[in-house]
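What follows is one structure encoded as structure tokens, with my remarks underneath.
The values are calculated or read from the model by the stated rules, or taken from the named source; none is laboratory data. Quick caveat: nothing in here was measured; it's all calculated off a predicted structure. Virtual Cβ from ideal backbone geometry, glycine too; neighbours counted across all protein chains shown.
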Amino acid sequence: MEFNTQLLYAHDQALLAVMIFVIMLGMGASLTPDDFRAVIRKPKGVFIGFMSQFGLMPLIAFGLATILNFPPAFAIALILIGCLPGGTTSNMFTYFSRGSVALSISMTTASTIMALIMMPILLKLYTGGFTAQISASMQLSGGEAEFVIPTMNIISSLILVLVPVAMGMFIRKHWPDWAKTAEDTAGFVGILVILYLLLTAFIRHGHLFLQTPIGVYIGAVGLGLAGFFFGYWFSRLLGVYPLFQRAISLETGIQNGPVSFAIILLSFSEPVQSQMVWLAILYSTFIVITSSVITLRYRKNGRKDWDIYKNTSIHNRLFGESYVTNYPQGFLPKRLVNDPSQGTQPSQKKF
Amino acid sequence: MGHRIKADNLALLYRKAADKFESLPAFATRVSALDWKPVSYRELYEQGADLATGLIELGLKQREHVGIFSDNRFEWILCDCAVQLSGSANVPRGRDVTDDELFYIIDHAGIEIAFVETVELQDRVLKLKNRLPALREIILLDHKAKEKEGVKRLEDVCKLGSGLRAQGDKRVEDRISAIKPDDLFTLIYTSGTTGKPKGVMLKHSNMISQVRNLPGYHNCTDRVLSVLPIWHIFERVIEMYTLSFGGCTFYSSIVTIGEDMRNVEPTFMASAPRLWEKLHERILKGVKASHPVRQILFHIAYFLSRQYKNSEYFITDKYLKMNKEARLKRFLLMPLHILRWIIVLPWYGFFNAAVLERIRLGVGGSLKATISGGGALPIHIDKFFNYMGIPVLEGYGMTETSPVISVRYIKDLVVGTVGPPIPETEIRIVEPETGTVLYPNPNLPDNGLSQRGEIWAKGPQVMKGYYRDPELTQLTFKDGWLRTGDLGVITHNNCLKILGRSKSTIVLSSGENVEPEPIEMRLQQSHFIDQCMVVGQDKKYLSVLIVPGISEFRQAGLNIRTMEELALNADANRIIREEIKRLTSTNNGFKRFEQIKDFRMLPQSFEVGRELTNLFKIKRHVVEQKFNHVIDELFANGSPKNN
């Protein structure tokens, strides 16, 4: 497939840069140093999440790219997205799916740091075959160059992206009112820019939609969905409580989209860059829809265990840490019988 | 609804709840913001049985009337439990009861044993005691207070009973099995809006039918916040309902409600319109005080929510349909609404999640529903909360119907109405003068929908009658139907809409009938008007008595110290005049004869117990009497001063 049109003009790139800045600033504004400490205090959930995010997700991306026979640039982009850390979007979806927001935040912070080490390793591991294909086609068309994943560039773009996050945290510490504003604005700006990009892509390059193989669409949609599915069952099989299960599931499927734009723009160049950006746009669009649907489903299914968790923890908040809430026999689902607080209140554990 | 306990009477409800929910908290009392004292279902029942045995030992007979004079507190419910377990009925009243009422109630109900909450009440009852020969025992609830001679302490009566039960006293069990569904569980004296107190006789079967028929999907993880006066039937039905599904009732108060909502995160509560007006004010103030960007985001969110919900209401046929609509109009509008719904959906989804959720967290964030009753909820408040995503279900009823006749269901939420009648309940709309049935009436178009008239009700919740007042009972019932005295209409989606109280209807000298409530609610939308009452019976035109919001005038820059000064201030008078003009103009849908021609500012506000009932309804006759001279002056010249 020929994919020569330049997808983004200079002003689009500038807009993207602004968006990345605003969103990462918003992400930082929602974080406190305590969130980082929480990771160390309760490492179990974060560890399971880590396995799911950096173990399962890249594998899913690789699997999808291979099965659906992705063109190499799209494949690299998909794997890149699969290796990304989580973002704040997942925290919001976790909140509405009645999952553990605390765990979601911990996973976001942990994965953002861990990505510095994990992303280069994982990319090397999974993209080998695809980079070779690109090198081959480049040599065929007369070039000498060999295509390699720009590891150092990726690490430095990741670090660069962390700058606004740190700024956001600084704002949160000193001007909490501004921080809240930054948080609210970030999500809004994100949606606006994605819609703008989609719209302009549609107007300027309508043929792009037709040129993109159907498999790529399936991959862009399927990556998130498979992440939700495997994240859910992986954590469930490990005996995690429903509250955390929903958080891990969403955190696994939802990646930090803006970071992918940053990495692609800063570290890759044509002929692969436009295709990669295109896939990132597709993923970012579809993930909002799929995670909305999944969230509504989780929200409904999680109603009972969430109500139990809420009630139990409010009893502990108001009646004292050592208060034990005993529900009538047969009321609690099997998985919650030992601990209706779902691992959040030590006093509930009786075994 | 499968989690609710089914029982034949309230005593059995208490016992079955204890057997099922055992150590779950039934009630919680506030010690401080984050420190509450729970009482479990088991403890409640056991203590209740102890107290009941103690009362029986003191000579309490089955079906006797026991007085409880107390505001909301755990001991209240303990007394209620004991009274039910002993097969008797209670006569409750709050601390604000006047001496006259106290005497009337104890005498009229033939009370021999009375609980009093505080030392102050104890002293007042003691003073009346020599005129009340039947009154034998006074029991003091407040365990910190010192009892006077001849008064027993609650814990002593409990101890007495607990000792007896330890020795195998089974009288409580016998009493419970002797309760019949037709027995009274309570006798409630309503001060109402007119006349002397009436004793409403409510049966076990009345309350049990309410517990069975109230809408809602609750279970033992629910938390219910209690703010309304417990002796009022609306609050009581909610507490019994809560017992039936195993929830915990948290006793809050008007002063601490904001804080308690955030800490308790209630899932359900009963409330009066005034509470929602206060919350509405507070939310808007909070928005105004927030960062400018967030203010803009809030307004966008509210706007989107309004668009979204209005289309949703249209598509699902859940909007106020006072008149029959042409099929064609609906058919033509439908695609437009569907289109708007689809376009707005993603934006609404985002703003709902990012902005409106923060607002909802301000009221705890866990509310599944709240029922507003005891007065009409102003339409703009109603809309506001439903747009916010806080489902306020407005209900309608009266003490005589223990109390719910109809309520909006979450799935049947038509803003502006009080919903369809609850199960097992029938409603009629009747022409008040002639007694002709307007709805249901097959001879009228649409079986009588959108016909205005008096509401009559029939169902298992309707009272036995007024105690020792067969004449009034006979007047209130007609062919087995209870005449509510309220005006209403059945909308075209089968919901009841309340139009006003037929007794408060103002008939102008021109013969035009005016319902003052909608006009008053409209006027109260102004920040400058705290409370108001429309007057003009038998006059040429309407006028209004206004309690101005003094703090708003101060904020507007008026240098005012007292209400008297404010009433005379020319600027203030000008502002009020403009407000009245703006709010009740014919452009706003008010008819010509509904125009307010003149007004007076009152030097003091309407207070609960004086001009207002406990549910903030204006006692019109009291206000009319008290401000007789002002009203006379308003209409002295026969024509308005400022026209």
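Test B:ALA272 against the criterion of being surrounded by fewer than 19 Cβ atoms within 10 Å (Cβ to Cβ) and out of contact with any Cys (no Cβ under 7 Å at 6 or more places or on another chain), and give yes or no. No: the conditions fail for B:ALA272. Report yes if A:ARG317 is of a type in the set (Lys, Arg), surrounded by fewer than 21 Cβ atoms within 10 Å (Cβ to Cβ), within 13 Å of another protein chain (Cβ to nearest Cβ) and more than 16 Å from A:GLN245 (Cα to Cα), otherwise no. So A:ARG317 fits the description; yes. State the number of residues belonging to segment A:11-49 that are of a type in the set (D, E, K, R) and in contact (Cβ under 8 Å) with a residue 40 or more places away in the chain. Of the residues in that region, 3 qualify. Which fully enclosed helices (runs of 4 or more DSSP H) of segment A:158-270 have 2 or more residues being without any contact (Cβ under 8 Å) to a residue 40 or more places away in the chain? Those helices (runs of 4 or more DSSP H) span A:176-204, A:206-211, A:214-237. Restricted to segment A:133-169, and to residues there that are more than 18 Å from A:ALA17 (Cβ to Cβ), loosely packed, with under 14 Cβ neighbours inside 10 Å and among the hydrophobic types (A, V, I, L, M, F, W, C), the residue that is farthest from the chain's Cα centre (by Cα) is A:LEU140. For B:ARG327, indicate whether it is basic (Lys, Arg) and in contact (Cβ under 8 Å) with a residue 12 or more places away in the chain. Answer is no for this residue.
Listed here are the residues, each with its yes/no results for (1) over 19 Å from B:LYS203 (Cβ atoms); (2) exposed (fewer than 15 other Cβ atoms within 10 Å of the Cβ).
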{"site": "B:GLU75", "(1), (2)": "yes, no"}
{"site": "B:CYS81", "(1), (2)": "no, no"}
{"site": "B:GLN84", "(1), (2)": "no, no"}
{"site": "B:ALA89", "(1), (2)": "no, no"}
{"site": "B:GLU112", "(1), (2)": "yes, no"}
{"site": "B:ASP123", "(1), (2)": "yes, yes"}
{"site": "B:PRO133", "(1), (2)": "yes, yes"}
{"site": "B:LEU141", "(1), (2)": "yes, no"}
{"site": "B:ALA145", "(1), (2)": "yes, no"}
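Please work out if B:LYS285 is buried (at least 18 other Cβ atoms within 10 Å of the Cβ) and of a type in the set (Lys, Arg). Taking the combined requirement at face value, the residue does not satisfy it. The conditions are (1) over 20 Å from B:MET207 (Cβ atoms); (2) away from every other protein chain (no Cβ under 14 Å); (3) modelled with pLDDT under 95, and B:ASP50 fails exactly one of them. Which is it? B:ASP50 satisfies all of (1) over 20 Å from B:MET207 (Cβ atoms); (2) away from every other protein chain (no Cβ under 14 Å); (3) modelled with pLDDT under 95 except (3). Of all residue pairs spaced 6 or more apart or on separate chains, those with beta-carbon atoms under 9 Å, a first member in segment B:618-631 that is acidic (Asp, Glu) and a second member that is at pLDDT below 85 are B:GLU624/B:GLN537.
Residue count for segment B:14-45 satisfying the condition of being more than 11 Å from chain A (Cβ to nearest Cβ) and surrounded by fewer than 16 Cβ atoms within 10 Å (Cβ to Cβ): 0. Checking the structure you have, find out if any residue of segment A:271-281 is among the polar types (S, T, N, Q), assigned to a helix (DSSP H, G or I), buried (at least 24 other Cβ atoms within 10 Å of the Cβ) and touching a helix residue (DSSP H, G or I) at 6+ places or on another chain (Cβ under 9 Å). Among the residues of segment A:271-281, at least one is among the polar types (S, T, N, Q), assigned to a helix (DSSP H, G or I), buried (at least 24 other Cβ atoms within 10 Å of the Cβ) and touching a helix residue (DSSP H, G or I) at 6+ places or on another chain (Cβ under 9 Å), which makes the answer yes. Any chance segment B:445-464 includes a residue that's buried (at least 17 other Cβ atoms within 10 Å of the Cβ) and free of Cβ contacts under 8 Å to residues at least 24 places away in the same chain? Among the residues of segment B:445-464, not one is buried (at least 17 other Cβ atoms within 10 Å of the Cβ) and free of Cβ contacts under 8 Å to residues at least 24 places away in the same chain, which makes the answer no. Scanning segment B:470-485 for residues that are within 21 Å of the chain's Cα centre (by Cα) and touching a residue at least 40 places away in the same chain (Cβ under 8 Å) gives B:LEU482, B:ARG483, B:THR484. In this structure, B:VAL392 does satisfy being of a type in the set (A, V, I, L, M, F, W, C), more than 12 Å from chain A (Cβ to nearest Cβ) and in contact (Cβ under 8 Å) with a residue 12 or more places away in the chain.
In the set (1) within 30 Å of A:SER141 (Cβ to Cβ); (2) within 11 Å of chain B (Cβ to nearest Cβ), A:THR295 fails one condition alone, (1).
Checking each residue of segment B:375-389 against the condition of being part of a loop (DSSP other than H, G, I, E, B), over 14 Å from B:LEU228 (Cβ atoms) and of a type in the set (S, T, N, Q) gives no match. Of the candidates B:LEU202, B:LEU164, B:LEU160, the single residue that is surrounded by 15 or more Cβ atoms within 10 Å (Cβ to Cβ), closer than 29 Å to B:PHE234 by Cβ and modelled with pLDDT of 95 or more is B:LEU202.
Results for (1) of a type outside the set (A, V, I, L, M); (2) assigned to a helix (DSSP H, G or I); (3) away from chain A (no Cβ under 12 Å), shown as yes or no for each residue.
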site	(1), (2), (3)
B:HIS280	yes, yes, yes
B:ILE283	no, yes, yes
B:VAL287	no, yes, yes
B:ARG294	yes, yes, no
B:GLN307	yes, yes, yes
B:GLU312	yes, yes, yes
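Before we move on, is A:THR290 facing chain B (nearest Cβ under 9 Å), modelled with pLDDT of 90 or more and crowded, with 17+ Cβ neighbours inside 10 Å? The answer is no for A:THR290.
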